[in-house]
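Please treat every number below as a calculation from the coordinates, not as lab data. Everything quoted here is computed from the prediction, not taken from an experiment. FYI the Cβ positions are ideal-geometry reconstructions off the backbone, even for glycines, and counts take in every protein chain you see.
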Amino acid sequence: MRLPEETESSAQINIVPMIDVIFVVLIFFILASLFLQPSSKGLPVNLPEASTAEGPLPHNLTVTLMADGAVFLGSQPVTVAELPVAIQRRRVGNNQLLVVIQADQVVPHGQVVALMDALRTVEGIQLGIATADPAGVTP
């Protein structure tokens, strides 16, 4: 009995599964990069200018004082009385925190001082005040 001869087929690489894997990895990195934005940035306000403004410093929390007197910790609204408790809830361990105050330039000085006074009741934090660079670069 005669068997049919097998023709040698050339080896082929199917790249469709490899493309699927590449797209999944690409989607992972795109989504991961969206969450890399600092959540402690605060809200946009008109900061006062300072010629001695330093570049952006790494900080843990931002307290924003809006022109209408509203206070935000990160992007969450809080009252000045609730602020120390809200900061303690966000604290991890006994690490030192740098809290940056972003106060709109039209906010009265007394409100900024009252905010700083409330923040100073929290143990283990350092305060910083955000300013705008006259060249237009906001730290």
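Quick look at the numbers
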| quantity | calculated |
| --- | --- |
| Pairwise label distance in nanometres, residue 126 with residue 14, each label 7 Å out on the Cα-Cβ vector | 5.9 |
| J(HN,Hα) series, the stretch 98-112, from Karplus relation 6.51 cos²θ - 1.76 cosθ + 1.60, nearest Hz, glycine and proline x | 9, 9, 9, 9, 10, 10, 4, 5, 8, 6, x, 4, x, 5, 5 |
| Exposure proxy order (Cβ contacts within 10 Å, fewest to most) of 85, 92, 99 | 92, 85, 99 |
| Separation of the residue 76 and residue 29 label points, Cα + 7 Å toward Cβ, nm | 3.4 |
| Gain upon complete extension [residue 36, residue 90; 0.36 nm per residue less C-alpha separation] | 17.6 nm |
| Computed lengthening from residue 5 to residue 68, 0.36 nm per intervening residue step minus Cα-Cα distance | 13.9 nm |
